[in-house]
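Data block below; observations after.
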Amino acid sequence: MATDSEHKRPGAGDGPRLPGEMLTAHLLAMLKDWSGYGYELAQRLEEAGFGRYNTGSLYRMLRQMESLGLISSLWDTSAGGPARRMYSLTVAGKLFLDNWMSLLDFHRRTLDAFIGPADRPPGRTPRGDEAPARPTAARRPRTSKPKPGDKP
């Protein structure tokens, strides 16, 4: 008889998964000011709330990123035990990350301009990093226009 764990799909309940380029951008961001091993990157993804990644899939992603020139790696033999591959961000990886962050910022500001004012409580002013609410025209009191034949 099958157990509950056999019926669960792999990774079910482990948290959201980052698709393709979002995972790439997240890995690049983690390597921005730090060099790390694949296992450490997997731990950081899990700690960030993205669940457990299959290490084989993660290492394939890292090799693909390296083949694209976004990261570089070297074998670290300084610690006791087997050699481990240490990953670092390249100049091309930093440019990719900077462009990705600019694109995300553009989308955030655009969405904030449309959705933000509707979600903002009345009277709340935006923070400095939020898109300002669209100004509304000052309303003048309505005056009735003279009708033809009315005396001034």
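The values are calculated or read from the model by the stated rules, or taken from the named source; none is laboratory data. These numbers come from a predicted model, not from an experiment. We place every Cβ from the backbone using ideal geometry, glycine too, and count neighbours over all the protein chains shown.
Just a yes or no: is a residue in the stretch 83-101 crowded, with 16+ Cβ neighbours inside 10 Å, assigned to a helix (DSSP H, G or I), charged (D, E, K, R) and modelled with pLDDT of 90 or more? No, that holds for no residue.
One residue alone among 126, 117 is part of a loop (DSSP other than H, G, I, E, B) and either modelled with pLDDT of 90 or more or not polar (S, T, N, Q) (or both), and that residue is 126. Here residue 52 passes the criteria (1) outside any helix (DSSP H, G or I); (2) among the basic types (Lys, Arg); (3) at pLDDT 90 or above except the one numbered (3).
The residue list 27, 41, 31 contains one member that is of a type in the set (A, V, I, L, M), buried (at least 16 other Cβ atoms within 10 Å of the Cβ), over 20 Å from residue 99 (Cα atoms) and at pLDDT 90 or above, which is 41. Filter the stretch 65-82 for residues that are more than 20 Å from the chain's Cα centre (by Cα), of a type outside the set (Asp, Glu) and surrounded by 11 or more Cβ atoms within 10 Å (Cβ to Cβ); which is farthest from residue 93 (Cα to Cα)? Residue satisfying both the conditions and the ranking: 74.
The set of residues from the stretch 62-100 being free of Cβ contacts under 8 Å to residues at least 12 places away in the same chain and of a type outside the set (Ser, Thr, Tyr) comprises 63, 64, 75, 79, 80, 81, 82, 83, 91, 95, 98, 99.
Looking across the stretch 55-72 at every residue that is charged (D, E, K, R) and more than 16 Å from residue 97 (Cβ to Cβ), the one that is modelled with the lowest pLDDT is identified as 60.
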